[in-house]
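Read-outs throughout are calculated quantities, based only on the coordinates presented, and are distinct from any laboratory measurement. Note that this is a predicted model, so its numbers are computed, not measured. We place every Cβ from the backbone using ideal geometry, glycine too, and count neighbours over all the protein chains shown.
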Amino acid sequence: MKFHVLTLFPEMIMQGLGTSIIGRAASAGTISLDAVNIRDYSMDKHKKVDDYTYGGGAGMLMQAQPVFDAWKAVCKGQKVRCVYLTPQGTPFTQQIAQDLAKEEELIFLCGHYEGIDERVLEEIVTDYVSIGDYVLTGGELPAMVMIDAISRLVPGVLNNESSAETESFQGNLLEYPQYSRPEVWHDKQVPEVLLSGDHNKIRQWRLEQSVERTKQRRPDLFQRYERNLKCIEQLKKDKLSHIEMIEVIRRGKARLIYFKKDGVLLQDIESGYFMATATNEQGAEQIVNSLKEEMSDAAKAPSYIVAHQDFLKELIAFEFDYDVLMECKQAVYTRKEVLPIKKVVADKYQFRNLTLEELPIVSEIYSYGDEESMKERIQKKALFGLYQEDSLCGFIGIHPDGSLGMLEVMPEYRRNGIGSLLECYLINYALKQGWTPFGQVDVTNLASWKLQEKLGLCLSKNSLWWLEKKSSK
Ligand code: ADE
């Protein structure tokens with residue numbers, strides 16, 4: 001991830017972010033940080049960058065020309081999102097951090113004095129963001145806040161892979177209290193349960209603490225948590241069919257758009273995909289109305305929409321510019337135990353994340369994928385290969401919506417049980433993350449059906465349909 005900051009105080013940015021985790025990530029090259037002095041682009045002989053405002057009023061305004069030229073020098077004609085830090089922007093949240101963390105490059109524009117000439121903002125800014133309802137003297141601190149929050153979501157920045165996922169705000173709950181040595185401090189004893197070694201009890205206690213703390217300290221988040229729980233309850237009436245919606249909510253990446261007895265519409269924040277289910281035609285109408293609002297700006301239409309009923313899929317395909325791509329059933333691993341992989345087998349093969357070097361091979365063999373989306377999966381460490389003495393025998397991965405799939409075995413290694421081995425590996429990986437492993441099987445893919453049954457996955461009775469945006473082909 002490359003961060004560029006357009007500022008009048010570059011040293012503030014470099015010093016502020018030069019230490020600790022972010023500084024280390026920058027030194028290691030996991031992220032890159034470059035602070036560009038807007039003053040260097042002033043055409044004035046005194047390097048002046050500000051002037052009085054037309055119409056009068058106190059204070060000076062940053063002029064358009066130096067800001068525009070600094071921006072042009074950084075983005076070099078490429079389309080790069082440019083975030084302007086302003087109290088007038090959208091309030092910054094973990095969701096926005098997750099969304100921005102998907103970019104490869106970002107520009108932050110820091111204002112000073114009374115702000116920046118509106119005309120240049122209109123031309124270069126893609127996102128207006130505020131870090132809270134208070135006024136600071138400039139955009140540098142807000143830019144640093146955002147860069148910190150985004151960087152820690154970039155793979156490799158935190159050394160513990162899972163810690164970015166398990167902290168505050170996932171699933172709308174605050175983190176539970178934590179304790180370290182000594183066992184007694186100021187007459188205060190560490191809660192007994194944490195010393196018990198019983199991991200189930202500890203997990204349960206931590207959840208209760210999180211719930212209680214959220215209720216006390218953040219009633220707004222607690223309300224959202226309760227609404228999510230109720231929605232899961234409703235979806236669970238047909239759990240197998242709705243597993244992808246349930247998991248998106250459980251993994252804390254759902255934006256619940258419509259939720260009534262007659263239907264649910266949500267957006268998976270990570271992939272941007274919409275997922276919808278309706279119990280009747282009225283529910284379907286409501287969902288379509290919500291989708292109309294969501295996609296009033298064509299740029300907000302995601303590549304895919306998942307519909308759970310035949311009538312809903314017809315209605316969405318009719319109302320919006322989407323084609324029906326395929327009909328699937330869900331395959332769900334409903335048990336908690338990991339699948340055994342025999343030692344003799346495990347010794348013969350190695351599993352590891354695919355690298356960009358393998359991108360040409362995998363995007364050629366995986367029939368549903370294009371090179372760009374496979375590249376993204378590799379960068380997110382969501383594609384795993386199985387190797388025998390450094391030869392890639394097959395691969396499997398996690399789709400942007402969290403379902404398991406993309407299974408392919410190289411022709412020369414087929415009929416060796418490698419597909420089954422790859423799937424076992426990924427199911428175990430998903431269990432370790434605390435997920436319910438599931439995949440979606442094209443109803444015409446008989447080989448995959450057989451494999452799911454063999455591994456003991458439960459297949460949903462009902463189908464779901466993937467709709468693809470017409471222009472995305
Ligand atoms: N610039 C000044 N105050 C700000 C705030 N609260 N958020 C973002 N940018 C700002």
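Side notes on the structure shown:
- Whole-number Å³ per residue for the convex hull built on Cα positions in region 270-321: 72
- Amide H contacts under 5 Å for MET60: GLU114, restricted to partners 5 or more places along the chain or on a different chain, H placed in the peptide plane at 1.01 Å from N.
- Student exercise, region 220-332 dipole from Lys, Arg, Asp, Glu Cβ charges, in Debye to nearest 20: 620
- Applying the Karplus relation 6.51 cos²θ - 1.76 cosθ + 1.60 with θ = phi - 60° to region 244-259 yields 3J(HN,Hα) values of 5, 6, 4, 5, 4, 5, 4, 7, x, 10, 9, 10, 7, 9, 9, 8 Hz, where x marks Gly and Pro.
- Debye log10 I(q)/I(0) for the chain, one point scatterer per Cα, at q = 0.06, 0.08, 0.10 Å⁻¹: -0.33, -0.59, -0.91
- In Hz, Karplus ³J(HN,Hα) per residue of region 143-158 (6.51, -1.76, 1.60; θ = phi - 60°; x = Gly, Pro): 4, 5, 4, 5, 4, 4, 5, 6, 4, 5, 8, 6, x, x, 6, 8
- The Cα-based radius of gyration and maximum Cα-Cα distance (Dmax) for region 2-151 are 15.0, 49 Å.
- Beta bridges by DSSP in the chain, antiparallel share as percent, to the nearest 5: 65
- Helix-derived mean residue ellipticity, 222 nm - over the chain, DSSP H n ≥ 4, -39500 (n - 2.57), to 500: -10500 deg cm²/dmol
- Over the chain, relative contact order from alpha-carbon pairs under 8 Å, at least 6 apart, %: 12
- Sorted ascending by nearby beta carbons within 10 Å, beginning with the fewest, SER403, SER463, SER20 become SER20, SER463, SER403.
- Mean separation of Cα pairs under 8 Å and 6 or more residues apart, divided by the residue count, gives region 2-151 a relative contact order of 30 percent.
- Approximate spin-label separation GLN223-LYS201, in nm, with each point projected 7 Å along Cα-to-Cβ: 3.8
- Contact order normalised by residue count of region 172-229, Cα under 8 Å, 6+ apart, percent: 49
- Checking the cross-link pairs LYS236/LYS261; LYS300/LYS469; LYS188/LYS215; LYS79/LYS313; LYS102/LYS300 against a 22 Å limit on the alpha carbon distance flags LYS188/LYS215; LYS79/LYS313 as lying beyond it.
- Taking every Cα-Cα distance in region 195-247 and sorting them into 5 Å bins starting at zero, the pair-distance distribution P(r) comes out as 4, 19, 16, 15, 19, 17, 8, 2 percent.
- Computed magnitude of the charge dipole of the chain (debye, nearest 20; Cβ of K, R +1, Cβ of D, E -1): 1540
- Alpha-carbon gyration tensor eigenvalues x 5, square-rooted, for region 306-446, Å: 29, 19, 14
- The fewest-to-most ranking of LYS454, LYS313, LYS239 by surrounding Cβ atoms within 10 Å reads LYS454, LYS239, LYS313.
- Nitroxide proxy distance, nm - points 7 Å out along Cα→Cβ at THR93 and ASN428: 3.8
- Ranked list, fewest to most other Cβ atoms within 10 Å of each Cβ, for ARG227, ARG152: ARG227, ARG152
- Highest mean packing comes first when the peptides 93-100, 260-267 are listed by Cβ atoms within 10 Å, giving 260-267, 93-100.
- For region 124-136, 3J(HN,Hα) computed residue by residue from phi via the Karplus equation (6.51, -1.76, 1.60; θ = phi - 60°) reads 10, 7, 9, 9, 9, 10, 10, 9, x, 7, 7, 10, 9 Hz, glycine and proline entered as x.
- Cα-based Rg and Dmax for region 87-141, where Dmax is the largest Cα-Cα distance (Å): 11.9, 32
- Computed on region 165-217, the Cα convex hull volume stands at 99 Å³ per residue.
- Rounded tilt (10° steps) of 219-235 against the dominant C-alpha axis of the chain: 30
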